[in-house]
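Below: one structure, written as structure tokens.
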Amino acid sequence: MKLRNLLLGAAMAVATASSANAAVVVLDFEGVGNQAAINNFYNGGTDSQGHSGANYGVAFSSSSLGLIDTDAGGSGNFANEPSASTILFFQNANNAVLNYAAGFSTGFSFFYTSSTAATVNVYDGLNATGNLLGSLNLAAQYSQNCAGDPTGGFCNWTSVGVAFGGLAKSIDFGGAAGQTGFDNITFGSATPGSAVPEPATWAMMIAGFGMAGAALRRRRQVALLA
């Protein structure tokens, strides 16, 4: 196989991995201030305390808050959170909405802890308008079977997700406001988590570059011996 083809194959492996993960966005809320309205933290702006994060084009209503675990110096009464120390909380049901103007497909998911049964809805219009694409029903489970971190009352986190057709542009958290914490909100997948490539994907990418590198070395050796 020619060096050009090997390099092209390696580049395609990288492009495929990047493309597969570009559709998945995970918000872990790290960097949001304690009790700060998240606002445009993920939308090229800042939270209400002036902190900024990656610009994913995701905007939150003023009802949203970032809460930091008391163990990390914040005021959040929670434990065993799925990532680091900060979570999402909605103060009330009025305008408890997330807008993703560019839209996303395939699925939506997150981890939650809740003291009440609740519902989260996915819509294909902004501001919780248009067609309902999917719903997530949350159980009251906040203190069940907790272990580990002992200092927070909301200590049980459960993963939930929904797959759907169409292009979603907003999420209504109004049914869960006031009693529910969220973390690792994931767009583009019905399973919450990370957009980092899986180990198998990294292995494929490394193998592709390895093959290309070996071919390049062989070509240089031939040139030196000629």
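Quick note: the coordinates plus some simple rules give every number you see, no bench work behind them. Being a predicted model, the structure only gives us computed values, none of them experimental. When we count neighbours, we look across all protein chains shown, and the Cβ atoms used for this are built from the backbone with ideal geometry, even at glycine.
Using each residue's phi in region 34-50, evaluate 6.51 cos²θ - 1.76 cosθ + 1.60 at θ = phi - 60° and report the 3J(HN,Hα) Karplus result to the nearest Hz, with x for Gly and Pro.
Whole-Hz 3J(HN,Hα) from phi for region 34-50: 5, 6, 8, 5, 5, 6, 10, 3, 9, 9, x, x, 9, 7, 5, 9, x.
For Gly76, list long-range residues whose amide hydrogen, built 1.01 Å from N in the peptide plane, is under 5 Å from its own amide hydrogen.
Residues meeting the criterion, in which the H sits 1.01 Å from N, are Ile68, Asp69, Thr70.
Treating only the Cβ of Lys, Arg, Asp and Glu as charged (+1, +1, -1, -1), what charge dipole size does region 25-194 show about its Cα centre? Round to the nearest 20 debye. Working shown, then result.
Values: 1 positive and 10 negative charges, 76 e Å.
With only Lys, Arg, Asp and Glu charged at Cβ, the dipole is about 360 debye.
Taking K and R as +1 and D and E as -1, what net charge do the other residues with C-beta under 13 Å from the C-beta of Asn127 add up to?
Details: positive: Lys169; negative: Asp124, Asp172.
Counting the neighbours of Asn127, the net charge comes to -1.
Which FRET efficiency value, to the nearest 0.05, is calculated for Thr129 and Asn55 with the Förster distance at 30 angstrom and r the Cβ-Cβ distance?
With a Förster radius of 30 Å, E is 0.80.
Can you tell me how much longer the chain between Ser143 and Ala101 gets when fully stretched, taken as 0.36 nm per residue apart minus their C-alpha distance, in nm with one decimal? Walk me through the numbers on the way to the answer.
On the way: separation 42, 0.36 × 42 = 15.12 nm, distance 3.54 nm.
Fully extending the segment from Ser143 to Ala101 adds 11.6 nm.
Full extension from Thr116 to Ala93: what is 0.36 nm times the residue separation minus their Cα-Cα distance, to one decimal in nm?
Answer, rounded to one decimal: 6.9 nm.
Over region 25-194, how many percent of alpha carbon pairs lie in each 10 Å bin up to the one with the longest distance?
12, 42, 37, 8, 0
Compute the Rg to Rh ratio over region 136-180 from the alpha carbon atoms, using the Kirkwood formula for Rh, and round to two decimal places.
In region 136-180, Rg relative to Rh is 1.07.
For region 53-58, just list the computed ³J(HN,Hα) in residue order, Karplus coefficients 6.51, -1.76 and 1.60, θ = phi - 60°, integers in Hz, with x standing in for Gly and Pro.
Couplings: x, 5, 8, 9, x, 10 Hz.
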